[in-house]
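One structure below.
The values are calculated or read from the model by the stated rules, or taken from the named source; none is laboratory data. These numbers were taken from a predicted model, which means no experiment stands behind them. Glycine also receives a Cβ, built like all others from the backbone with ideal geometry; neighbour counts cover every protein chain displayed. Accessible surface is based on the protein model in full, side chains and every heavy atom, while ligands, DNA and RNA are left aside. Shrake-Rupley method; radii C 1.70, N 1.55, O 1.52, S 1.80 Å.
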Amino acid sequence: LILLLIQTINESGHTSKKLPEYFLTQLSKFARISSIKSLENWISETIHLALRLIRERKETFHLLVQRALNRINQNYDKDISLKTLANEFGVTPAYLGQLFKTETGKLFKDYLSEVRMKAARSLLKTTDLKINEIAERVGISNQSYFNRVFRKTYGISPNQFRQYRNHE
């Protein structure tokens, strides 16, 4: 029963560090069962535990989405795409894109753009790098595209943002 529950929870694809210790505790209780009533109680407790874990896991991201989020947050400055990650993870881009949207509420490209723009904003605040250097550091090689995305995100150009920073 426990092995079947563990398999079901693992197949949900959601990550959790709580799984092994909970079920090891349940298994140790199984060895002390001495009556039908205690077996019934153990089964009921185990099922309730599994259902609680499944509910908790629904509050975390699917393993593939977690991996994609980690990769974006660590490598936003590199050439990263939904297609390359999907190939690396062994799934189709359509599947990963849909899973990403379902789990995060955002399109992959929009999330990647947000991470890049936050990094760009930070660089504009804390460095005197040229705009094209900042664009390249956040993974965007085309400065005019960078300017458009920055303006769309923050409502002002990177140069205007930097000027406001200097007047604060």
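For segment 124-151, a residue qualifies if it is assigned to a helix (DSSP H, G or I), over 20 Å from Tyr111 (Cβ atoms) and not hydrophobic (A, V, I, L, M, F, W, C), and the qualifying residues are Lys125, Thr126, Asn132, Glu133, Glu136, Gln143, Ser144, Asn147.
Look at segment 156-168: where a residue is modelled with pLDDT of 90 or more, no partner that is assigned to a loop (DSSP other than H, G, I, E, B) and open to solvent by 90 Å² or more (accessible area, probe 1.4 Å) sits 6+ places away or on another chain with Cβ atoms under 8 Å.
Of all residues in segment 100-122, those that are closer than 16 Å to Arg67 by Cα have Cβ atoms under 8 Å from Cβ atoms of residues that are open to solvent by less than 60 Å² (accessible area, probe 1.4 Å) and β-branched (Val, Ile, Thr), 6 or more apart or on another chain, in Phe100/Val65; Glu103/Val65; Thr104/Val65; Tyr111/Ile72; Tyr111/Thr104; Leu112/Ile72; Leu112/Ile80; Val115/Ile72. Have a look at Lys83, Lys152, Lys125 and point out the one that is over 30 Å from Thr25 (Cα atoms), open to solvent by 80 Å² or more (accessible area, probe 1.4 Å) and modelled with pLDDT of 95 or more. Exactly one of Lys83, Lys152, Lys125 is over 30 Å from Thr25 (Cα atoms), open to solvent by 80 Å² or more (accessible area, probe 1.4 Å) and modelled with pLDDT of 95 or more, namely Lys83.
The set of residues from segment 86-112 being open to solvent by 30 Å² or more (accessible area, probe 1.4 Å) and either polar (S, T, N, Q) or in contact with a strand residue (DSSP E or B) (Cβ under 8 Å, 6 or more places away or on another chain) (or both) comprises Asn87, Thr92, Gln98, Thr102, Glu103, Thr104.
The number of residues in segment 31-48 being loosely packed, with under 12 Cβ neighbours inside 10 Å and either under 39 Å from the mean Cα position of the chain (by Cα) or assigned to a helix (DSSP H, G or I) (or both) comes to 6.
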